[in-house]
1. Are any residues in region 33-51 surrounded by 15 or more Cβ atoms within 10 Å (Cβ to Cβ), touching a residue at least 24 places away in the same chain (Cβ under 8 Å) and either within 13 Å of residue 94 (Cβ to Cβ) or under 18 Å from the mean Cα position of the chain (by Cα) (or both), and if so, which ones?
2. Being in a helix (DSSP H, G or I) and in contact with a strand residue (DSSP E or B) (Cβ under 8 Å, 6 or more places away or on another chain) is the filter here, so list the residues in region 37-60 that pass it.
3. Could you give me the residue pairs with C-beta distances under 8 Å whose first residue belongs to region 161-177 and is more than 26 Å from residue 11 (Cα to Cα), whose second residue is at pLDDT 95 or above wherever it lies, and which are 6+ apart or on separate chains?
4. Would you be able to say whether some residue in region 135-155 is surrounded by fewer than 17 Cβ atoms within 10 Å (Cβ to Cβ), under 16 Å from the mean Cα position of the chain (by Cα) and not in a strand (DSSP E or B)?
5. Specify the residue that is farthest from the chain's Cα centre (by Cα); the eligible residues are those in region 112-134 that are farther than 12 Å from residue 62 by Cβ and part of a loop (DSSP other than H, G, I, E, B).
6. So the check is Cβ under 8 Å with 6+ separation or different chains; which pairs have a first residue in region 1-19 that's on the phi > 0 side of the Ramachandran plot and loosely packed, with under 10 Cβ neighbours inside 10 Å and a second one that's in a helix (DSSP H, G or I) and at pLDDT 85 or above?
7. Just name the residue that is modelled with the lowest pLDDT out of those in region 163-206 that are closer than 13 Å to residue 121 by Cα and buried (at least 17 other Cβ atoms within 10 Å of the Cβ).
């Protein structure tokens, strides 16, 4: 396939992908609204603070957006540092938060981000502003033409064990292989990783966190 045809094919799939994102996000929200309500009540009962954690992330074209997650940490946790960089993350994770992270249920509120158009179901994971080196490389490699995703290649290739350099490689690989079959494979493998807990940090695995 020529370069022009590949570009046209990717553009066509981008339109289809947006439709599929909204369709499946709304379907999942309709199906999961009661479990999500129960989780929200459990988070509030488990420790002081709001059920939904809001954090500024970098999205498509480098625009900032508010990313939603169920709160899994105490309110005393450092707000501007990814938990994968904590040397003692287990100290900040709440009891219910350990379960939510292990099962990846803390990500469910991001379905609202998908409906709003901030995110996609599959794509490069949205980063916090402080991860400057990754942002720079993503920009250079053109990765920010994509919406960030709830899951992506980094999630199925090591999750918290993935280095910044490897993360950039995977983001670029996803961009270059952008297509329906790749997304289907990522979703399938994500379910497997969630079930097995593969990719969790050793320091948190014993505590039940990601």
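The values are calculated or read from the model by the stated rules, or taken from the named source; none is laboratory data. None of the values given here were measured: they were computed from a predicted structure. Counting neighbours? That spans all protein chains shown, and the Cβs are built from the backbone with ideal geometry, glycine included.
1. 36, 39, 42, 43, 46, 47, 49
2. Residues satisfying the conditions are 39, 40, 43.
3. Listed pairs, sorted by first residue: 162/170.
4. No, that holds for no residue.
5. Taking the candidates together, the pick is 130.
6. Sorted first by the residue in region 1-19, then by its partner, the list stays empty.
7. In this case the residue turns out to be 190.
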